[in-house]
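The values are calculated or read from the model by the stated rules, or taken from the named source; none is laboratory data. Because the structure is predicted, anything quoted here is derived from the model rather than measured. So basically every Cβ, Gly included, is an ideal-geometry build from the backbone, and we count neighbours across all protein chains shown.
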Amino acid sequence: MPTVGEALNRGRSMASPPPPRRVCVTGGGGFIASWLVKLLLSRGYAVHATVRDPSDPKNAHLRRLEGAPESLLLFTADVLDQDALAAAIAGCEGVFHVASPVPADKVLDPESEVLAPAVKGTLNVLQACSANSVQKVVVVSSTAAVHFNPNWPQGRIKDESCWSDRNLCMKNEGRPIYGLTYFCSQDWYSAAKTIAEETALEYGEKNGLIIVTVCPCIVLGPLLHPVVNTTSEFLIYIIKGGPGVMKNLPWNIVDVRDVADALLLVYEKAESSGRYICAPDRISTKDMVNLLKKAYPNYSYVKCDDKDYGSAISRVTSEKLTNLGWIPRKMEETLCDSVEYYEKAGLVQDVEGRRTCRLPHIFHFASDK
């Protein structure tokens, strides 16, 4: 007969492994969310991903991810549909709220196009989390909710205590910051991201829900999904060269894979709290063009003016995030991996019938056109 110890050990070996940790990702088919879903599956999580239409071909890449057949469920849900969100979030211990519009074209109806999805959508997600006893929520915000503060001391590095002026962003006239009208008049995107992030953090404090926000800058890198997102259009415009001259502005850039790493890091770290700026590198338009020309000399590239705006626009710091253990990759790798993807996908070749390369409207302040 086996000893008591042998019987206990045999019982342990026959016991089934614990179920995987289950989380929900909103807007699962998007640029950042797709990489986050991929990362979560690779780390053994079970994932509920919300999409507008699971049968849409633009979401097919999610089902092809390693581990997806066993551990990924797609839910039909819009952030304005609270019941659908609740069904997707049910049974999840954590939620990553990634879904939010990034308008490529001029905003004609701010309420329906930007404000409601960003602000009301965030509130709907959080209320569904409270109703389902979710333990922790990570909300994707943006450095657009950090940058546009005309009262911030010139030259002082911006950290998580700096907030964009929501009212200024919504005014009809762009007010110069450090002598530059550095954002579009009626910058609805920055206003929406600022209000949504403030709403999320206030909700967490009032309702006892652990909420952490992450503020990425311009997100670049290879795509998993088939739709060319707004920031990729921005880089493609720089590579192919547009009809206008671009201002030699400084741009904060982060790799989409590093954003996914940051989101999972703040979720898993018990000590994470508040906001985290996710903007490791800064480069001017001209320096970006010169860097890319060395590796890919055969493109036309955009023309730049000779002004130096860098000293007038305060830097941002990601020190709080790096202190948590975040290690982003070099910007050169991000830019080159982006171009390699664009080439393989045929996005930088001149093809008859393809839409002319254009600078997304959200970046139009950077062009003389």
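Just a few scattered comments:
- Which numbered condition T76 misses (of (1) out of contact with any strand residue (DSSP E or B) (no Cβ under 9 Å at 6 or more places or on another chain); (2) surrounded by fewer than 16 Cβ atoms within 10 Å (Cβ to Cβ); (3) in contact (Cβ under 8 Å) with a residue 24 or more places away in the chain; (4) not small (G, A, S)): (1)
- Which numbered condition E160 misses (of (1) surrounded by fewer than 21 Cβ atoms within 10 Å (Cβ to Cβ); (2) more than 20 Å from the chain's Cα centre (by Cα); (3) in a loop (DSSP other than H, G, I, E, B)): (2)
- Among residues of region 232-285, those that are assigned to a loop (DSSP other than H, G, I, E, B), over 22 Å from L209 (Cα atoms) and touching a strand residue (DSSP E or B) at 6+ places or on another chain (Cβ under 8 Å), counted: 8
- Flag for G30 being over 18 Å from the mean Cα position of the chain (by Cα) and either within 26 Å of G221 (Cβ to Cβ) or aliphatic (A, V, I, L, M) (or both): no
- Meets criteria (closer than 28 Å to S338 by Cα, modelled with pLDDT of 95 or more and aliphatic (A, V, I, L, M)) for V102: no
- Condition check for L321 on (1) touching a Cys at 6+ places or on another chain (Cβ under 7 Å); (2) not in a helix (DSSP H, G or I); (3) not polar (S, T, N, Q): one failure, at (2).
- Any hit, region 194-211, residues being over 17 Å from V137 (Cα atoms) and polar (S, T, N, Q): yes
- Unmet criterion (only one of (1) crowded, with 17+ Cβ neighbours inside 10 Å; (2) more than 27 Å from R21 (Cβ to Cβ)) for S300: (1)
- In region 122-144, the residues that are touching a residue at least 40 places away in the same chain (Cβ under 8 Å) and either farther than 24 Å from E268 by Cα or in a loop (DSSP other than H, G, I, E, B) (or both): N132, V134, Q135, S141, S142, T143, A144
One line per residue, one yes/no per condition, for (1) among the aliphatic types (A, V, I, L, M); (2) closer than 24 Å to G310 by Cβ; (3) in contact (Cβ under 8 Å) with a residue 12 or more places away in the chain:
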position	(1), (2), (3)
N248	no, yes, yes
R257	no, no, yes
E271	no, no, yes
G274	no, no, yes
I277	yes, yes, yes
I283	yes, yes, yes
K294	no, yes, no
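- With respect to being under 28 Å from G244 (Cα atoms), of a type in the set (K, R) and either surrounded by 14 or more Cβ atoms within 10 Å (Cβ to Cβ) or out of contact with any Pro (no Cβ under 7 Å at 6 or more places or on another chain) (or both), K307 fits the description.
- Look at region 234-246: where a residue is buried (at least 19 other Cβ atoms within 10 Å of the Cβ) and modelled with pLDDT under 95 and a partner is among the charged types (D, E, K, R) and outside any loop (DSSP other than H, G, I, E, B), sitting 6+ places away or on another chain with Cβ atoms under 8 Å, you get M246/K303.
- Annotation note: Cβ proximity below 7 Å between a residue of region 211-223 that is among the hydroxyl-bearing types (S, T, Y) and a residue that is part of a loop (DSSP other than H, G, I, E, B) (sequence gap 6+ or interchain) occurs for T213/S141.
- A60 meets all of the listed conditions (1) modelled with pLDDT of 95 or more; (2) under 15 Å from T50 (Cβ atoms) but one, namely (2).
- From L321, L249, residue being buried (at least 19 other Cβ atoms within 10 Å of the Cβ), modelled with pLDDT under 95 and in contact with a Phe, Trp or Tyr (Cβ under 6 Å, 6 or more places away or on another chain): L249
- Matching residues, region 60-82, being acidic (D, E) and farther than 30 Å from V114 by Cβ: E66, E70
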